[in-house]
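What follows is a short report on a single structure.
The values are calculated or read from the model by the stated rules, or taken from the named source; none is laboratory data. These numbers were taken from a predicted model, which means no experiment stands behind them. Don't worry about glycine lacking a Cβ; one is built from the backbone with ideal geometry, like all the others, and counts go over all protein chains shown.
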Amino acid sequence: MGAGAWGTAFALVLADAGCRVTLWARRPELAAEVRDRRTNRAYLGEVVLPDGVDATADAAAALSGADLVVLAVPLQRLREQLTAWRASLPDVPLVCLAKGVEAGTGLFGTEVVADVTAAGPERLAAVSGPNLAAEIARREPAATVVACADAAVAARLAAACTSPAFRAEPTTDVLGVDVAGAVKNVVALAVGVVEGAGHGANARAAVLTRGLAETTRLGLALGADAGTFAGLAGIGDLVATCGSPLSRNHRAGVALGRGAPLAEALTAAGGTVEGVTSAPAVLRRAAGAGIAAPLVEQVAAAVAAGRAPDGLVARLVGA
């Protein structure tokens with residue numbers, strides 16, 4: 001459900017793994033392009049999608065008869081879309097690809113899904129890892145974590161999206177995967193600011209490491225497993241998102257570090273920059289858990305100011 005870059009790339013992965021996939025696109029013309037040309041040029045260029053991927057702009061038709069539902073819309077739109085789809089959702093696992101914290105409620109992705117659908121933990125799943133959509137669509141080797149509180153469901157879902165080029169590992173730590181996926185976007189903004197300001201690998205590594213420490217502290221305070229943050233969903237996703245120009249959060253941070261106003265940086269990123277909305281929400285969630293998050297605090301302040309204030313890099317490195 002969602003035909004952006006990551007939703008389409010994940011549909012490709014599922015089809016490569018032997019699943020029959022229906023991709024829901026908000027725009028009928030995009031659904032027609034997927035069906036007729038086997039491409040999604042707006043998001044993935046000339047990548048040719050497998051024959052196992054069908055597409056429709058009819059949400060009810062897409063959901064009908066599904067064995068699992070993958071939610072691939074941006075987190076800040078997830079509640080609205082789920083509410084619209086609620087009557088058509090089958091009683092199957094709901095796999096959330098969205099990463100972040102809902103601005104109004106402070107909820108992570110699977111928490112939003114549970115709040116809207118009342119689905120039990122055995123139906124709630126999250127996917128997170130070093131998963132840059134463009135690389136996955138080109139079938140470059142990649143791995144991820146699939147989390148569900150029910151270990152058997154997690155294993156079944158991981159098997160459903162394991163293809164020759166894409167490996168999925170099951171876990172029961174849904175909360176840890178949610179926390180890691182949300183905070184890494186904020187850290188990627190911070191690392192991008194440092195890079196955009198002209199600083200080198202030492203400064204970037206310092207900020208990334210501080211970001212990982214804050215992510216881990218928050219996760220542990222909320223009840224997540226420490227091992228999650230040392231694995232694919234933690235340090236793996238963080239390294240990919242903070243170091244690649246394919247990451248929109250990274251690109252936006254670089255533009256901010258070069259002095260661009262926030263609005264201009266968002267335009268330059270070319271899509272949803274979840275870290276901008278998530279930063280103040282993560283900060284509030286950390287405060288509620290009694291956790292200091294100075295790096296997230298600095299990013300949230302820059303978002304509120306609409307630009308990177310003087311001295312921000314020094315405060316990020318020494319946060």
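Summary of values
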item	result
Filtered residue count, the range 83-106, keeping only those that are under 17 Å from the mean Cα position of the chain (by Cα) and either outside the structural domain of Ala147 (by TED's automatic domain parsing) or at pLDDT 95 or above (or both)	4
Residues within the range 282-319 that are acidic (Asp, Glu) and either part of a loop (DSSP other than H, G, I, E, B) or in contact (Cβ under 8 Å) with a residue 24 or more places away in the chain (or both), tallied	1
Unique match (being within 19 Å of the chain's Cα centre (by Cα) and either without any contact (Cβ under 8 Å) to a residue 24 or more places away in the chain or surrounded by 23 or more Cβ atoms within 10 Å (Cβ to Cβ) (or both)) among Ala118, Ala147, Ala151, Ala155	Ala147
Residue list for the range 255-282, restricted to those being buried (at least 24 other Cβ atoms within 10 Å of the Cβ) and farther than 18 Å from Pro74 by Cα	Leu256, Gly257, Ala265
Top-ranked residue in the range 84-95 [being without any contact (Cβ under 8 Å) to a residue 60 or more places away in the chain and not acidic (Asp, Glu); ranked as farthest from Thr8 (Cα to Cα)]	Ala87
Set Thr172, Thr215: member being closer than 21 Å to Gly109 by Cα and buried (at least 23 other Cβ atoms within 10 Å of the Cβ)	Thr215
Among the residues listed as Arg285, Arg258, Arg315, Arg248, the single one being under 26 Å from Val146 (Cβ atoms), out of contact with any strand residue (DSSP E or B) (no Cβ under 7 Å at 6 or more places or on another chain) and among the basic types (Lys, Arg)	Arg248
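A quick yes/no check of all residues on (1) farther than 28 Å from Ala42 by Cα; (2) in contact with a Gly (Cβ under 9 Å, 6 or more places away or on another chain):
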residue: Ala263; (1), (2): no, yes
residue: Gly271; (1), (2): no, yes
residue: Glu274; (1), (2): no, yes
residue: Val282; (1), (2): yes, yes
residue: Arg285; (1), (2): yes, yes
residue: Ala289; (1), (2): yes, no
